[in-house]
Amino acid sequence: MIEHAFGGDWTEVKLARLAKYLAAYRTIFTGNERARHFTTWYVDAFAGTGSRSSVEVPTSGLGLPEEIYQDADTKGYRDGSARIALGLQSPFDKYLFIEKLRGRAGELKAVIERDFPSLLPRCDIRNDDANTVLCTWCNERNWKKERAVVFLDPYGMQVEWGTIQALAATKAIDLWYLFPLGVARLLKRDGNIDEAWQNRLDQLFGTAEWRSRFYQTRTTRDLFGDREELERNATVENIQGFIQERLASSFAKVANGLVLRNSKSSPLYSLCFAAANERGATTALKIAQSILDD
């Protein structure tokens, strides 16, 4: 059996909070008479194999931004998010699992066939790019009759802002998004960022405003006159605040995220939550924020 290797103690924190929310979500949609008529979806955009082990993911050695998120603090077997969602006492009506690597997608299907055979007919497993699939899937659904929880758990900067907007436009999705705080390493102190990475950051944030958010020009005066200096402000708090503001520009409600750190206290991700449905957003935010603050 192929095991999808990634994570450490912070991974367990992330999955525990996701599990609590999914259980609460399904309780609402089974216990509330007005909500029962909705078909509920769980969507895992980077599903992997459904299992996680203590083996590190190999890197390319090319210094790609995604590789800064690999964490060596692995301590034994972990259930993946897909397995957690499938193992709920009250399962979702439908599941969409997206995995770009064909081998992992095949292994995920085998895991479901073996461990959750009764749920296999509910599962749609797509072997493709998450951004492409999610945008198409959002357009395929009837959001007057359907609701969803979408979990975006990328290794790095794979999620494009256009995908975030597509999810928000449904007015029917609760989003859990593991945002990569490691982008700070791309924000060089002197502001000299490769053009390709600038474009990548534009896609990630959906705007070029990150330049003015993380860099300011300060004017100082000395004996030789005025001098301009570039100041960089790429703190965890500033990056997290910016992505929450960006989410709030599209979603009805956005929670205060949880910073996930490794054993050396290095920040890896911000676990973000956003609710798109205006009517249910207040309740969803209350539940999610209590889970994040716990």
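Each reported figure results from applying straightforward, stated rules to the coordinates on display, with no laboratory input. The structure presented is a predicted model; accordingly, all values stated were derived computationally and were not measured. Because the Cβ atoms are built from the backbone with ideal geometry, glycine has one as well, and the counts that use them run over all protein chains shown.
Which of the GluC sites (Glu not before Pro) across region 186-294 are loop residues per DSSP, with 12 or fewer other Cβ within 10 Å?
Taking region 186-294 and a limit of 12 other Cβ atoms within 10 Å, the loop GluC sites (Glu not before Pro) found are 278.
How large is ³J(HN,Hα), in whole Hz, for each residue of region 129-143 in order, when computed from phi with the Karplus curve 6.51 cos²θ - 1.76 cosθ + 1.60 and θ = phi - 60°, using x for Gly and Pro?
These are the phi-based 3J(HN,Hα) values: 6, 4, 4, 5, 5, 5, 5, 5, 4, 4, 6, 7, 8, 9, 6 Hz.
Mind running the shape call on region 75-133? Use the C-alpha gyration tensor, a ≥ b ≥ c as the square roots of the eigenvalues: rounded below 1.5 for a/c, prolate if a/b tops b/c, oblate otherwise. Mind showing how you got there, number by number?
On the way: a/c = 1.59, a/b = 1.19, b/c = 1.34.
Oblate, because a/c is 1.5 or more while a/b does not exceed b/c.
Quick query: amide H of residue 262 versus all other amide H atoms, modeled in the peptide plane; which residues come in under 5 Å with a sequence gap of 5 or more or a different chain?
For residue 262, whose amide H was placed from the backbone, the distant partners under 5 Å are 268.
Once amide H atoms are built 1.01 Å from N in the peptide plane, which residues 5 or more positions from residue 253, or in another chain, come under 5 Å H to H?
275
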